[in-house]
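What follows is a set of notes on a single structure, which appears directly below.
The values are calculated or read from the model by the stated rules, or taken from the named source; none is laboratory data. Note that the structure is a prediction, hence the values are computed from the model and not measured. Cβ atoms come from the backbone with ideal geometry, glycine included; neighbour counts cover every protein chain shown. Only protein heavy atoms, including side chains, enter the accessible area calculation; ligands, DNA and RNA are left aside. Shrake-Rupley method; radii C 1.70, N 1.55, O 1.52, S 1.80 Å.
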Amino acid sequence: MDIPRTFRATLVAHLPYASGEELAPSDDLAALGLDSMGVVQLLTSLEETFGLDLPDELITEETFETVGSLWEAVGGVIPAERFADA
């Protein structure tokens, strides 16, 4: 799973226990320090950075469980050309 740098950089800014942009799709977001307030802040950052409005049905615990599950949700609603930096 290729996760674009822009997405990783946005994500890392909200993960106090992440080191750099080296994230694996299986990395647990809670273990990296993402809490409920962090989810709200991350969601806002993702919406502002990528100009998206994540559908309510994608805002679930499962979506915010791992780096990969979040990328699958976000990557599914953003046009691929926005990620030329993959």
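If I compute solvent accessible area with a 1.4 Å probe over the protein chains, what percent of it on the chain is carbon and sulfur?
49 percent
With runs of 4+ DSSP H residues as the only contributors, calculate the mean residue ellipticity of the chain at 222 nm using -39,500 (n - 2.57) per run, divided by the residue total and rounded to the nearest 500.
-11000 deg cm²/dmol
Hey, rough spin-label estimate for Glu22 and Val40, points 7 angstrom out along Cα→Cβ, what's it come to in nanometres?
Between Glu22 and Val40, the simple spin-label model gives 3.4 nm.
Of (i) 26, 16, 10; (ii) 25, 20, 13; (iii) 17, 15, 12, which one was derived for semi-axes √(5λ) of the Cα gyration tensor in Å from the structure shown?
The value computed from this structure is option (iii).
Once you put a point 7 Å from the Cα of Leu52 and another 7 Å from the Cα of Thr6, both along the Cβ direction, what distance in nm separates them?
Spacing of the two 7 Å Cα→Cβ label points: 1.1 nm.
Considering only Leu11, Leu58, Leu43, give the residue with the highest GNM mean-square fluctuation for the chain, with springs between Cα atoms whenever their separation is below 10 Å.
Leu58
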